[in-house]
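Step one of this worksheet: look at the structure below.
The values are calculated or read from the model by the stated rules, or taken from the named source; none is laboratory data. This structure is a prediction, so every number in the text was calculated from the model and none was measured. Positions of Cβ are generated from backbone atoms using ideal geometry, with glycine treated the same way; all protein chains shown enter the neighbour counts.
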Amino acid sequence: MARKALKLASWTSMALAASGIYLYSNKYLDPNDFGAVRVGRAVATTAVISYDYLTSLKSVPYGSEEYLQLRSKVHLRSARRLCELCCANRGTFIKVGQHLGALDYLLPEEYTSTLKVLHSQAPQSSMQEIRQVIREDLGKEVPRIHWDLSTERVLLMEFVDGGQVNDRDYMERNKIDVNEISRHLGKMYSEMIFVNGFVHCDPHPGNVLVRKHPGTGKAEIVLLDHGLYQVLTEEFRLNYCHLWQSLIWTDMKRVKEYSQRLGAGDLYPLFACMLTARSWNSVNRGISQAPVTATEDLEIRNNAANYLPQISQLLNHVPRQMLLILKTNDLLRGIEAALGTRASASSFLNMSRCCIRALAEHKKKNTCSFFRRTQISFREAFNLWQINLHELILRVKGLKLADRVLAVICWLFPAPL
Ligand SMILES: Nc1ncnc2c1ncn2[C@@H]1O[C@H](COP(=O)(O)OP(=O)(O)OP(=O)(O)O)[C@@H](O)[C@H]1O
Ligand SMILES: [Mg+2]
């Protein structure tokens, strides 16, 4: 029994640690989750649980009625300790606790029933904590609302002293890195569209400000006007993720398939061009291979005029959520054009990262097999690692050797679709 108890304790702690490392690598958690206090708590809890199993069951004959009753009590005590650990450490630990609570077929009932409370009663973060995470991870701020001075018809917000996001001069005057802002804006929207499915659909420059945070001096983006949000259906969001993955990694068969699933019909080449703002030639060659040129820009502009009837036919066919996403894309592209930061290979890789995470999350949600989930997690981590590798290669692409390494790597690891 001692060995069994130790096995259980090690298994749970290993699950917590392994999932912790995995989630950390995917930026799901606050790096503080690896702080000495949290790790210390986990180790102490594991030790207490192991000691409890080893000492409590020693005095009763193995397999007797008394033994079974006592073991059930120890299971329950241990599960409660584990639950307390998850609540105290929060972040990843809650996620893992929730996962353990769902393993009815694997863990004793005392564990699953105790840990299940984490599904509905997980400790909640305060508004202040949420703001801090948004600010730290996305460099994004939302103005405070003066609820006491707001009514159903009047909304009074904090005045944010910043410049419009397309105002290069403002950024230069205030030593704000234009490229960093553009990158953050892209990341923020990828998270909203691919991962959350909850999108601020009115990012015109008057609604997106930039400033240096008065306290920290860090550059941040402030989103104003939260009146036009689109909730994307899961089906739409996943199809859209697949479509972008196919566009980024130039899988034309899938570009056609997912464009059609999103309502483009036979006009899918036009749809792909509108989404990417690239020519059909570039879409076929790979949008992340070469940035847009002035000649291509001119070609797109001319074609837009020639294809107006087809464009309006397409817009009539796609669902409303697609219309709002197209509008949002165009507004963002307008900002990038004004800043001179049209989508680079690196921004496509950031989009691809979000797609990979979103698709893996969905697959994990739809399987109850622990091993399948682990498999999905490994695949996800591998795909993200591939992207990191691509990014690294891009960074050193100036070196001749890197081109050869890139060719070998592309051959070894095909696109993460
Ligand atoms: N909380 C705020 N702090 C600072 N400036 C703001 C704030 N809210 C709005 N503004 C600025 O006030 C101006 C008018 O905003 P308003 O939302 O009324 O119109 P808009 O953004 O130009 O158009 P839309 O109604 O389509 O959003 C904009 O330049 C905007 O950047
Ligand atoms: Mg506005």
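Using the structure shown, decide if Ser113 is surrounded by 12 or more Cβ atoms within 10 Å (Cβ to Cβ), over 30 Å from Ile49 (Cα atoms) and modelled with pLDDT of 85 or more.
No; evaluated as a whole, the condition is false for this residue.
From the list Tyr189, Tyr170, which one is at pLDDT 95 or above and touching a Ser or Thr at 6+ places or on another chain (Cβ under 8 Å)? Steps first, please.
Values: Tyr170 fails: touching a Ser or Thr at 6+ places or on another chain (Cβ under 8 Å).
Exactly one residue qualifies, and that residue is Tyr189.
Residues in the range 267-303 that are aromatic (Phe, Trp, Tyr) and surrounded by fewer than 16 Cβ atoms within 10 Å (Cβ to Cβ): how many?
Final tally of qualifying residues: 1.
Within the range 300-344, which residues are out of contact with any helix residue (DSSP H, G or I) (no Cβ under 8 Å at 6 or more places or on another chain) and not in a helix (DSSP H, G or I)?
Residue satisfying the conditions is Ser344 alone.
Under the condition of being at pLDDT 90 or above, more than 11 Å from ligand 1 (Cβ to nearest atom) and not β-branched (Val, Ile, Thr), which residue from the range 202-230 is farthest from Leu331 (Cα to Cα)?
The selected residue is Lys218.
Take the range 162-187 and flag every residue that is more than 20 Å from Gly227 (Cα to Cα) and within 16 Å of ligand 2 (Cβ to nearest atom).
Answer for the range 162-187, where residues must be more than 20 Å from Gly227 (Cα to Cα) and within 16 Å of ligand 2 (Cβ to nearest atom): Gly162, Gly163, Asn166, Asp167.
Scan the range 160-208 for residues that are touching a residue at least 12 places away in the same chain (Cβ under 8 Å) and within 13 Å of the chain's Cα centre (by Cα) and report the count.
Count: 11.
If we scan the range 265-282, do we find a residue that is farther than 14 Å from Leu326 by Cα, in a strand (DSSP E or B) and at pLDDT below 95?
No, because not a single residue in the range 265-282 is farther than 14 Å from Leu326 by Cα, in a strand (DSSP E or B) and at pLDDT below 95.
Would you mention how many residues in the range 384-417 are in a loop (DSSP other than H, G, I, E, B), charged (D, E, K, R) and modelled with pLDDT under 65?
0
Take the conditions modelled with pLDDT under 90 and either within 27 Å of Glu235 (Cβ to Cβ) or of a type in the set (Gly, Ala, Ser) (or both) and apply them to Ser352. Does it pass?
In short, no.
Select, from Glu84, Glu66, the only residue that is more than 27 Å from the chain's Cα centre (by Cα), acidic (Asp, Glu) and under 30 Å from Glu129 (Cα atoms). Can you show your working first?
On the way: Glu66 fails: under 30 Å from Glu129 (Cα atoms).
Within the list Glu84, Glu66, the selection yields Glu84.
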